[in-house]
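Below you'll find the structure, written out as structure tokens, and then a few comments.
The values are calculated or read from the model by the stated rules, or taken from the named source; none is laboratory data. What you see is a predicted model, and the numbers here were worked out from it, not measured in a lab. Glycine also receives a Cβ, built like all others from the backbone with ideal geometry; neighbour counts cover every protein chain displayed.
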Amino acid sequence: MTESLVHSVNWNIDYKVNLGRAWSRFLVSLRDDRVILGTTCGSCDKTYVPPQAYCEACYEPMDAWVEVPPTGTLEAATIAQHAFQGGPPAPYAIGAIALDGTDTLFIHLISGIDLSDQENARTLLRRGTRVRAVWSQERTGSIRDIDHFAPVG
Ligand SMILES: [Zn+2]
């Protein structure tokens, strides 16, 4: 059996990235209007959130923008037990959300759940739970302009 080595690694790199037209328009809309935008493919009719410049299914350019409601259905979720630099303190929940009227899953934080109550957390984080976006008080043009999604109903 080959020995498996483990090294400690610390990445702390400051850099800037151009977000491009689709992500920039998406984030400006979150910041200025509290509106979630997606793009719809004119060929296969799929709607993407976050928006994509090209359809991943048929590779067609997409320039049809649609407003998407801030509600959706939880398709999957997990509870993170370790914090990451720049992220929320652990434990926290992450969900894959099918926003209403879209064909993709939007990954975001799920809050408003007492994670210390495991039975309650399991119930609220199961597939099919309806969720709604909760907006940040201060919006800066980032994905965290939606602070989190919370269960509704
Ligand atoms: Zn398409």
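Looking only at segment 1-34, residues that are closer than 26 Å to residue 137 by Cβ, exposed (fewer than 14 other Cβ atoms within 10 Å of the Cβ) and either of a type in the set (Val, Ile, Thr) or within 16 Å of the ligand (Cβ to nearest atom) (or both) come to 1 in all. Only one of the numbered conditions (1) assigned to a loop (DSSP other than H, G, I, E, B); (2) modelled with pLDDT of 95 or more; (3) closer than 27 Å to residue 125 by Cα is not met by residue 42, and that is (3). Taking the criterion of being of a type in the set (A, V, I, L, M), more than 13 Å from the ligand (Cβ to nearest atom) and farther than 24 Å from residue 28 by Cβ, the residues of segment 38-95 that qualify are 74, 76, 77, 79, 80, 83, 90, 93, 94. Exactly one residue among 104, 2 is of a type in the set (Val, Ile, Thr) and touching a Ser or Thr at 6+ places or on another chain (Cβ under 9 Å), and that residue is 104. Just to verify a result, which residue in segment 123-140, among those that are touching a residue at least 40 places away in the same chain (Cβ under 8 Å) and under 14 Å from the mean Cα position of the chain (by Cα), is surrounded by the most Cβ atoms within 10 Å (Cβ to Cβ)? Once the filter is applied, the top-ranked residue is 131.
Yes or no: residue 116 polar (S, T, N, Q), surrounded by fewer than 13 Cβ atoms within 10 Å (Cβ to Cβ) and over 16 Å from residue 26 (Cβ atoms)? It is true that residue 116 is polar (S, T, N, Q), surrounded by fewer than 13 Cβ atoms within 10 Å (Cβ to Cβ) and over 16 Å from residue 26 (Cβ atoms).
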